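Inspection log for the structure reproduced underneath, given as structure tokens.
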């Protein structure tokens, strides 16, 4: 008679017993640590008390909270559809592409609809809306987003062309799509902007801040950006909520399209406080263009390290005076310069 099965079952049973014993031991240790007079118990009481003292950073007894990781995952799934074959883990075969796209659309529809419904429920106007009403509106919004994918692909193709035409260091379209942080930031912005226009709270901002964290490029989803948009290098670029950018615009690293003043804080909500940039404009690195009344006309070039708070007419070049360098003979003669070791 073969006792192999019985022996294996006995070993499994022994392991389960050991696991239960270990778990019980951990439970008892934790329970001892939570005696009313223990240091751990006092620490827990202090932390829980802070939840009541600072409710703005606390979400207890809330039925649903947005899942940031899921929103990021859905964003990347949409980018996989926008750029098929570039961001997928496996090769995309043409004969299976309809099935693959359909599968991704189902995933996005199911998961993004739930997140949009939760986001809509956070809005004051929908605070008392029923779950069925929120889900119905969320389904409509997600469908509108997905129906715009062909249009988004067409617009992004103009951005890719602008990257290629504007950067002599770009040797292929694949290089741009796979490695350029500017294109990642723009593609995520264009997805988020659709949801922004559909009045979805929170989610568009989570999307663009995800791209901001990955690329160092901060584009608010409320900004309006035309076709053939080119970001060169990109690090440190800031584009504010009410910015309007025309077609064929090129901006370099460290450019800020921002508000002239934020002292009024929430009183400025909804006010046009960021600049308008015309068509065929180039803004070089380190430049700040500020203010809602600041309009940069068509065919304008703004030099680097320039601070612009007034409108620039079309067909002009605006630049700051170049700093003057002081030259002396003698190189690093003693006493001429501080000797820093970095």
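Any read-out appearing in this document is the output of simple, stated calculations on the displayed coordinates, not a laboratory observation. Just so it is clear, the model here is predicted, and its values are computed rather than measured. Neighbour counts are summed over all protein chains in view; Cβ atoms, including those assigned to glycine, are modelled from backbone coordinates with ideal geometry.
Below is a table of values for the structure above.
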{"item": "Packing-based ranking, highest mean first, of 105-117, 37-49 given that Cβ atoms within 10 Å are counted", "result": "105-117, 37-49"}
{"item": "Segment residue 90-residue 76, length gained on full extension (0.36 nm per residue, minus Cα span)", "result": "3.6 nm"}
{"item": "For region 91-165 and region 260-296, distance of Cα centres in Å", "result": "30"}
{"item": "For region 224-276: rounded, prolate or oblate by the Cα gyration tensor [a/c cutoff 1.5]", "result": "oblate"}
